[in-house]
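The values are calculated or read from the model by the stated rules, or taken from the named source; none is laboratory data. Since this is a predicted model, take the numbers as computed values, not measurements. All Cβ positions, even for glycine, are placed from backbone atoms using ideal geometry, and neighbour counts span all protein chains on display. Remember, those area values only see protein heavy atoms, side chains included, never the ligands or the DNA or RNA. Shrake-Rupley method; radii C 1.70, N 1.55, O 1.52, S 1.80 Å.
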Amino acid sequence: MALQFAVVNGPNLNRLGKRENHHYGSQTWNSIFKELEMFGRAHDISLEAFQSNSEGALIDYLQEVEFRVQGILFNPGAYAHTSIALRDCVASLSVPVVEVHLSKIGKRESFRTHSYIAEVAEGYIVGFGAFGYSLGLKLLHDHFKQG
Ligand code: DQA
């Protein structure tokens, strides 16, 4: 049976490719998502993507998408370090969430070292750049195909 996953990006991730490339790389989100879709096509996974700069919109989306997907890849951006509301939302979801960060957040400013989301996510991938999304997708795929 085909799997359906959501890939969700928080604030400023729409600016990938033109934003602090030394931390986030030069690939745009469109190009990253094309690679994910290629993996998806090869493994019978359909993907939907959502990005918002707003905390409430992310919460609304996560609350409604859990009814049509089996898993979620989530880069909460800076909200990882600040948002108890998003943490509570993720904790309430009935599907596994894998948190992804492109940069090595543990090796940057001290305010980035803690993620509220990590406490409630099933998986946590940091520091692999755009490849982290592919790793997360594979992780979710293997979770359902092998578990
Ligand atoms: C990020 C890390 C966050 O600290 C930062 O605010 C981002 C991107 C990452 O993918 O490395 O917006 O989530």
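Which value, in debye to the nearest 20, gives the size of the charge dipole of the chain about its Cα centre, when Lys and Arg are +1 and Asp and Glu are -1 at the Cβ?
Charge dipole, the chain, about its Cα centre: 560 debye, nearest 20.
Which percent of the accessible area of the stretch 100-147 is formed by carbon and sulfur heavy atoms (probe 1.4 angstrom)?
Using a 1.4 Å probe with all protein chains present, the stretch 100-147 comes out at 56 percent carbon and sulfur.
Output ³J(HN,Hα) for the stretch 69-76: one whole-Hz value per residue in order, computed from phi by the Karplus curve 6.51 cos²θ - 1.76 cosθ + 1.60 with θ = phi - 60°, and x for Gly and Pro.
Those phi angles translate into 10, 9, x, 9, 9, 9, 9, x Hz.
Just to confirm the filter: which GluC sites (Glu not before Pro) across the stretch 73-147 are DSSP coil and have at most 12 other Cβ within 10 angstrom of their Cβ?
GLU109, GLU119
Compute the distance from the alpha-carbon center of the stretch 11-67 to that of the stretch 80-147, in whole Å.
Rounded to whole Å, the Cα centres lie 13 Å apart.
I'd like the trypsin sites (Lys or Arg not before Pro) in the stretch 4-74 restricted to DSSP loop residues with at most 15 other Cβ atoms within 10 Å, sorted by number.
Here the sparse-neighbourhood loop sites are LYS18, ARG19, ARG68.
Read phi for every residue in the stretch 94-106 and hand back ³J(HN,Hα) as whole Hz from Karplus 6.51 cos²θ - 1.76 cosθ + 1.60, θ = phi - 60°, with x for Gly and Pro.
So the J values, rounded to whole Hz, are 9, 10, x, 10, 9, 7, 10, 10, 5, 8, 7, 5, x.
What span do the alpha-carbon atoms of the stretch 6-100 cover on each of the three principal axes, reported in whole Å from largest to smallest?
Ordered largest first, the stretch 6-100 gives principal extents of 34, 34, 17 Å.
Identify the residues of the stretch 51-65 with backbone N under 14 Å of a label point that sits 7 angstrom from the Cα of SER92 along the Cα-to-Cβ direction, or state none.
In the stretch 51-65, the label zone of SER92 (backbone N under 14 Å from the point 7 Å along Cα→Cβ) covers 56-65.
Could you work out how much longer the chain between PHE111 and GLN63 gets when fully extended? Use 0.36 nm per residue separation minus the Cα distance between them, nm to one decimal.
Stretched fully, the PHE111-GLN63 segment lengthens by 14.6 nm.
Solvent-accessible area per residue for the chain at a 1.4 Å probe radius, Å²?
Solvent-accessible surface per residue comes out at 49 Å².
What list of ³J(HN,Hα) values in whole Hz, one per residue of the stretch 82-91 in order, does the Karplus curve 6.51 cos²θ - 1.76 cosθ + 1.60 (θ = phi - 60°) give from phi, with Gly and Pro shown as x?
Couplings: 10, 9, 6, 5, 5, 4, 5, 4, 4, 4 Hz.
Amide H to amide H under 5 Å from HIS101: which residues, 5+ apart in sequence or cross-chain, H placed 1.01 Å off N in plane?
ILE125, VAL126, GLY127
What percent do you get for the relative contact order of the chain when only Cα pairs under 8 Å and 6+ apart count?
26 percent
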